[in-house]
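Below is one structure, written out as structure tokens, with a few remarks after it.
The values are calculated or read from the model by the stated rules, or taken from the named source; none is laboratory data. Here the structure is a predicted model, which means the values were calculated and not measured. For neighbour counting, all protein chains shown are included, and Cβ atoms are generated from backbone atoms with ideal geometry for every residue, glycine included. Protein only, heavy atoms only, side chains kept; ligands, DNA and RNA dropped before computing areas. Shrake-Rupley method; radii C 1.70, N 1.55, O 1.52, S 1.80 Å.
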Amino acid sequence: MSKQITIGNLKMGGGAPIVVQSMTNTDTMDTEATVRQTLQLVEAGCEMVRITAPDVKAAQNLYNIKNELAKRGCNVPLVADIHFNPLAAETAATIVEKVRVNPGNYTDRNTGKIHFTDQEYADELKRIAEKMSTLIEICKKHGTAMRIGTNHGSLSERVMSRFGNTAEGMAQSAIEFAQVCREQDYDKLVFSMKASNVKVMVQSTRLFVEKMHALGMDYPIHLGVTEAGDAMQGRLKSAAGIGALLVDGIGDTIRVSLTEDPVEEIPVAYDILQAVGARISQAEYIACPSCGRTQYDIQEALQQIKARTHHLKGVKIGVMGCIVNGPGEMADAHYGYVGSGAGKITLYKSKEVVTRNIDQKDAVEALVQLIKDNGDWQEA
């Protein structure tokens, strides 16, 4: 389990619920548009909002955005996304609850150098520590958190010279920054290893966590497959990468990156969390694909049941085609809806039969009543 840190009014890590976040795609200098989209994200369930700050003027405008949000009753923690501009990071750190920096392009020079001696490597790390010190002191003074986000494809020349553009290089880059921060007594940190390649994202995150634990560190981890795309591809890549790590017990906050309106990222994030059992926010369904033994319209029945019960947080319902595999495969369901003949349904409470051979036209309503009778119903 990771250590717990606070980001504004939000707790992250240490057993706290996994935080769902997203990022605006508006012009940061357009205060109204950015505020409007932030409110839309929060309304959809987003718990932390990242806003790009490519320069000092944009970083300064985060003050206006934050104030306008507060006027509208919204105190969602904001994250300033920084890449090349240390002054923008230092400015933003006095305003928002968290800043995100990329080790590969925040402090390292772009000289075209491809070979570093041991001394040159050490000297570069020392220079990084010195350059980071101002930002670290500002973060300590203002209680600002920092995400150190390593991206595949944007590693520094120094790291590339030793490890190449690899998962090992990504993990090593982040570890070096973790050590810089620890040496300066700053630990309000979150780390991420992001790649558009799911395998690289998973491998680098596992490797970083292994290295971190070996050094006695336990910082929270941010998960995401960057530039995942849109539609089904974007959702599947995100689910594969984020889900694999969540099953490992790794991950304290997630962002699903879709080339769509960022509001569309939020339900996907909750679906991933629900699928791996990390955070339950709706009903769950165990439904068989049906076969020749199924003697009722299971697809229609499942849709009717979901329409009536999807809001029942934590309730698990089995919708099965027949009694051959049904009762066994839905063994951990709270309720069961199982075909028992031509157009006939048998209802279960856990593993126990409650009512046999109900006509399908009456069975969904009977299931709802069964849930109500057992005290598990709540109004939508």
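If you fit an axis through the alpha-carbon atoms of helix 118-142 and take the longest principal axis of the Cα set of the chain, what angle between them do you get, 0 to 90°, nearest 10?
That works out to roughly 70 degrees.
Counting only heavy atoms of protein chains, what accessible area per residue, in Å², does the chain have with a probe of 1.4 Å?
Computed with neighbouring chains in place, this is 44 Å² per residue.
Based on the Kirkwood radius over alpha-carbon pairs, what is the Stokes-Einstein translational diffusion coefficient of the range 156-281 at 4 °C with 1.567 mPa s viscosity, in µm²/s?
This corresponds to a translational diffusion coefficient of 86 µm²/s.
With springs connecting C-alpha atoms under 10 Å apart, model the chain as a Gaussian network and identify which of 354, 256, 319 has the largest mean-square fluctuation.
Maximum fluctuation in the GNM of the chain, among the listed residues, is at 354.
Once the cut-off is 18 Å, how many percent of the Cα-Cα pairs in the range 256-333 end up in the long-distance tail?
For the range 256-333, the share of Cα pairs beyond 18 Å comes to 51 percent.
Among the trypsin sites (Lys or Arg not before Pro) in the range 233-284, which ones are in a DSSP loop with at most 16 other Cβ atoms within 10 Å of the Cβ? Mind listing them? Don't skip to the answer; put the middle values down first.
Details: sites: 235, 237, 255, 279; in loops: 255, 279.
Answer by residue number: 279.
Under a cut-off of 12 Å between alpha-carbon atoms, report the aspartates and glutamates in cross-link reach of residue 66, not counting same-chain residues fewer than 8 places apart.
Partners found: 32, 97.
What residue among 81, 261, 332 has the largest mean-square fluctuation in a Gaussian network model of the chain, using Cα springs under 10 Å?
The residue that fluctuates most here is 332.
Quick one: work out Rg over Rh on the C-alpha atoms of the range 112-174, Rh as Kirkwood radius.
Using only Cα positions, Rg/Rh for the range 112-174 is 1.03.
Could you check how much of the accessible area of the chain is carbon and sulfur, as a whole percent, using a 1.4 Å probe?
Accessible surface attributable to carbon and sulfur in the chain totals 49 percent.
State whether the range 1-111 is rounded, prolate or oblate according to the following rule on the C-alpha gyration tensor (a ≥ b ≥ c being the square roots of its eigenvalues): a/c under 1.5 gives rounded; otherwise a/b larger than b/c gives prolate, and the remaining case gives oblate.
Details: a/c = 1.97, a/b = 1.12, b/c = 1.75.
Note, shape of the range 1-111 comes out oblate.
Return the equivalent ellipsoid semi-axes of the chain as a descending list in whole Å, where each equals the square root of 5 times an eigenvalue of the C-alpha gyration tensor.
Here the semi-axes work out to 47, 23, 17 Å.
Angle, helix 31-44 long axis vs. longest principal axis of the chain, Cα atoms, 0 to 90°, nearest 10?
Its long axis makes an angle of about 40 degrees.
Which angle between 0 and 90 degrees, to the nearest 10, do you get for helix 167-183 versus the longest principal axis of the chain when only C-alpha atoms count?
Between the helix axis and the principal axis of the chain, the angle is about 60 degrees.
Exceeding 18 Å between C-alpha atoms, which entries from my cross-link table qualify? They are 3/188; 11/211; 199/237; 306/361; 71/141; 316/351.
Violating the 18 Å limit, Cα to Cα: 11/211; 71/141.
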